[in-house]
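A short worksheet on the structure shown next.
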Amino acid sequence: MTLELGFVTQTTMHYTSAFPAATAMEVEYVELLLDGHHERQTLDPEGVAAAADDHDIDTIVHLPFAFDIASPYEHVREGAIRELSATLETADEFDARKAVVHATSNAWGPAWDSEPVADGVVDALDELQVVAEEFGIELCVENIPGEWFGLADFPRLFEATDVSMTFDTGHAYVEGYDAADQAEFIADHRDRISHVHVNDVRTQRDDHVPIGSGVLDFGTICADLEDATLSVEVFTPSYEYVGTSVNNLRRQVGALEEP
């Protein structure tokens, strides 16, 4: 079993500080959120590549939020896929290994039936998978709580496409999966779960609190993971808090190597 450890940058974190922080935490990679000041048209791919190389740290990317890949409206849907495809091209310029994308839609619930929207999610992700493969990037689809495509829908996605999964622990808890339920899901689908967003929760909301400050048992959740990358995703501007979560996760998950 090979588990690698990293963290997701938050909106206040810049890549120029993230890679030195990753070195200090002795993690294997940084997951860059390509939104806000890291949006593809303002990001310096050569600068990212140089920083990653200088610190001997790998790079994963989180594609930007709020793009409606399964919109019932043709031009909205096509525009979202074009923009995410362009972001994948940018990620390829600094050799990103994986790209996280959300399985969701902003379709208005009262007006649209769930089945065609869910079909749209699957079709869009299949299209983005083709683009990601062209750039040698592994597309990892994240479970997002909501009305259109929940965690229970992922077996359908696995059957219809070749995408990998980003399993988000906090999002799963919001949907009613406790640590034992999450461990069972991972055991059933570990061949498709390549990436994990690790965050703790105190309530059935999307808290993203530091590891060890909530109710989740990550030793249980991660027990059956095989080859995967684990990104600590904590809503904080503080690298110190991220580092505390990294160390707490190492203590809980025996397969993670101590630095």
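Annotations for the structure displayed:
- Annotation note: of ASP153, ASP126, the sole residue that is of a type in the set (D, E, K, R) and at pLDDT 95 or above is ASP126.
- Helices (runs of 4 or more DSSP H) (entirely within region 1-101) containing at least 3 residues that are on the phi > 0 side of the Ramachandran plot: none
- Test for ASP44: is it surrounded by fewer than 15 Cβ atoms within 10 Å (Cβ to Cβ), free of Cβ contacts under 8 Å to residues at least 12 places away in the same chain and more than 30 Å from ALA187 (Cβ to Cβ): yes
- When region 20-53 is filtered for residues that are farther than 19 Å from LEU84 by Cβ and within 18 Å of the chain's Cα centre (by Cα), the ones remaining, listed by number, are ALA22, VAL27, GLU28, TYR29, VAL30.
- Contacts under 7 angstrom Cβ, first residue in region 154-183 being closer than 27 Å to GLY212 by Cβ and in contact (Cβ under 8 Å) with a residue 12 or more places away in the chain, partner aromatic (Phe, Trp, Tyr) and buried (at least 20 other Cβ atoms within 10 Å of the Cβ), 6 or more apart: MET165/PHE154; TYR177/PHE185
- Taken together, GLU226, GLU240 contain a single residue that is among the charged types (D, E, K, R), touching an Asp or Glu at 6+ places or on another chain (Cβ under 8 Å) and surrounded by fewer than 19 Cβ atoms within 10 Å (Cβ to Cβ), which is GLU226.
- So ALA152, is it surrounded by fewer than 19 Cβ atoms within 10 Å (Cβ to Cβ) and among the aliphatic types (A, V, I, L, M): yes
- Scanning region 62-81 for residues that are out of contact with any Phe, Trp or Tyr (no Cβ under 9 Å at 6 or more places or on another chain) and under 18 Å from ASN143 (Cα atoms) returns HIS62, LEU63, PRO64, PHE65, ALA66, PHE67, ASP68, ILE69, SER71.
- Verdict on VAL131 being farther than 20 Å from LEU34 by Cβ and either touching an Asp or Glu at 6+ places or on another chain (Cβ under 9 Å) or not in a helix (DSSP H, G or I) (or both): no
- For region 102-126, a residue qualifies if it is small (Gly, Ala, Ser) and outside any helix (DSSP H, G or I), and the qualifying residues are ALA103, SER105, ALA107.
- Whether a residue is modelled with pLDDT of 95 or more, crowded, with 19+ Cβ neighbours inside 10 Å and touching a strand residue (DSSP E or B) at 6+ places or on another chain (Cβ under 6 Å) was assessed, and VAL209 does not pass this test.
- Among the residues of region 83-91, at least one is touching a Phe, Trp or Tyr at 6+ places or on another chain (Cβ under 8 Å) and surrounded by fewer than 19 Cβ atoms within 10 Å (Cβ to Cβ).
- Here LEU230, LEU216, LEU249, LEU256 are screened, and the one residue that is in a helix (DSSP H, G or I) and of a type in the set (A, V, I, L, M) is LEU249.
- Of all the listed residues (GLU147, GLU133), the sole one being of a type in the set (Asp, Glu), touching a Gly at 6+ places or on another chain (Cβ under 9 Å) and under 22 Å from GLY120 (Cβ atoms) is GLU147.
The values are calculated or read from the model by the stated rules, or taken from the named source; none is laboratory data. What you are looking at is a predicted structure, and each value in this text was computed from that prediction instead of being measured. Ideal geometry is used to build each Cβ from the backbone, glycine not excepted, and the neighbour counts take in all protein chains shown.
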